[in-house]
Amino acid sequence: MADPGTQPANGNGLIGAAAAPPHDEEAEASVLGAIMLADRWFDTITVDVHLSPHDFYRPRNRVIFQAMMDLNSDSEAIDTLTVSARLVETGKLEEAGGKDYIDTLVTRIPSLGNTKQYGQIVKENSLLRGLVRASQEIQESVTTRDGDPRELLERAQQRVFEVAQDSQSGELVQLSETL
């Protein structure tokens, strides 16, 4: 069940067929493990870094982070047991990699004190994947001449602006910085 937005491009030369989009599996695992080890990190990751489920490259990590968000919304503790239980309740435990995967996440944290930086790595890779998708969409619309040149330029600017809106700081970013 791969997310179409995370699939490598093929045929247009933007990304090699064998190349994976920008991501860091260790950073994703470290963020999830840190939150389950010390759920005080949840606010830092969601408020300061603005991380959300769609920022995770691996679908199973998205499912786990969504379960964490649901637990937090219900004012429940977030740890390996509660996350696993929530995933069982929602029928998504296997989609999340199973109980063994969840249990191993807390062992994959290089340093609990660097959790915010790991979250920023995940967010930055998500932003880069967004830029890749936007550039592919822009290239496709230009190649197929899906409108007049001024309209295409306006849509391209809007698409890049949308990616910039999802930057790690949550603030507006200059177009030149995003590119």
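The values are calculated or read from the model by the stated rules, or taken from the named source; none is laboratory data. All values derive from a computational prediction rather than experimental measurement. FYI the Cβ positions are ideal-geometry reconstructions off the backbone, even for glycines, and counts take in every protein chain you see. Each accessible area value is taken on the protein alone, full model and side chains, heavy atoms only, with ligands, DNA and RNA left out. Shrake-Rupley method; radii C 1.70, N 1.55, O 1.52, S 1.80 Å.
The share of accessible area on the range 23-179 that comes from carbon and sulfur is 50 percent, using a 1.4 angstrom probe.
Which of the GluC sites (Glu not before Pro) found in the range 37-115 are loop residues per DSSP with 15 or fewer other Cβ atoms within 10 Å of their Cβ? In loop regions of the range 37-115 (DSSP not H, G, I, E or B), the sparsely surrounded GluC sites (Glu not before Pro) are GLU76, GLU94, GLU95. Each residue of the range 85-99 was assigned a 3J(HN,Hα) from its phi angle through the Karplus expression (A = 6.51, B = -1.76, C = 1.60, θ = phi - 60°), giving 4, 5, 5, 5, 4, 8, x, 10, 4, 5, 4, 8, x, x, 4 Hz with x at Gly and Pro. Length gained on full extension, LEU81 to ARG40, computed as 0.36 nm times the residue gap minus the Cα-Cα distance: 13.1 nm. Averaged per residue, the range 35-179 has 56 square angstrom of accessible surface, using a 1.4 angstrom probe with ligands and nucleic acids left out.
Modelled spin-label separation between GLN157 and VAL142, with each label point placed 7 Å from Cα along the Cα-to-Cβ direction: 1.5 nm. Each pair of Cα atoms in the range 76-117 enters the Kirkwood radius, and Stokes-Einstein at 4 °C and 1.567 mPa s then converts it into a translational diffusion coefficient of 115 µm²/s.
Relative contact order of the range 26-157, taken over Cα pairs closer than 8 Å and 6 or more residues apart, is 35 percent.
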